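Participant: Structure provided below as structure tokens; questions to follow.
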Amino acid sequence: MIEQNVAMRRYSDQSTRERAIGMYTARLAARGGSQVGARRYVGAMLGVSEATVRRWITTHETLVALSDPAAEADRAAKNAALRQQRANERRAIDLLIAASAEFTVADVLSRSGR
């Protein structure tokens with residue numbers, strides 16, 4: 001039980017995560033190859049699973065992307081474009097609903113002989 005707690009502390013240690021990210025980046029830069037292979041290598045060196053290394057890297061990349069001002073401006077522009085597209089689609093749907101209602105009324109009137 002004590003060994004497991006020591007291992008868990010090692011897993012969650014911030015310096016270990018930073019070291020893993022650095023080793024992963026260096027491995028890809030030095031040898032190229034697959035990302036999975038680099039994660040497996042780093043995981044084996046640190047005694048953690050490839051999935052753990054992947055999770056650390058994904059978290060790191062997400063935090064870096066969120067802190068980038070250019071990415072923030074890009075996200076804001078994309079969100080504005082999506083809002084505009086959504087508004088246009090809502091207007092189109094409203095027009096289709098109104099047109100459908102008019103055709104339904106006209107069809108009922110024509111069938112009733114008016």
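Participant: Kindly indicate whether R90 is closer than 30 Å to T62 by Cβ, surrounded by 10 or more Cβ atoms within 10 Å (Cβ to Cβ) and either not assigned by TED's automatic domain parsing to the domain that holds T62 or not small (G, A, S) (or both).
Facilitator: Answer is no for this residue.
Participant: I would also like to ask the following. When the residues of the stretch 58-114 are narrowed to those that are hydroxyl-bearing (S, T, Y) and within 32 Å of the chain's Cα centre (by Cα), which ends up modelled with the lowest pLDDT?
Facilitator: Step by step, filter the stretch 58-114, then rank; the result is S67.
Participant: Something else: Check off (1) part of a helix (DSSP H, G or I); (2) modelled with pLDDT of 90 or more for V48 and give me the number that stays unchecked.
Facilitator: (1) is the only condition that V48 fails.
Participant: Here is a follow-up. Would you say A20 is touching a Gly at 6+ places or on another chain (Cβ under 9 Å), without any contact (Cβ under 8 Å) to a residue 12 or more places away in the chain and surrounded by 10 or more Cβ atoms within 10 Å (Cβ to Cβ)?
Facilitator: The answer is no for A20.
Participant: Are any of the residues in the stretch 46-62 acidic (D, E) and closer than 22 Å to Q14 by Cα? Can you show your working first?
Facilitator: Narrowing the stretch 46-62 to residues acidic (D, E): 50, 61.
Narrowing further to those that are closer than 22 Å to Q14 by Cα: 50, 61.
Checked against the condition, which is being acidic (D, E) and closer than 22 Å to Q14 by Cα, the stretch 46-62 yields at least one hit.
The values are calculated or read from the model by the stated rules, or taken from the named source; none is laboratory data. No experiment lies behind these values; they were computed from the predicted model shown. Quick reminder, even Gly has a Cβ in these numbers, built from the backbone with ideal geometry, and neighbours come from all protein chains shown.
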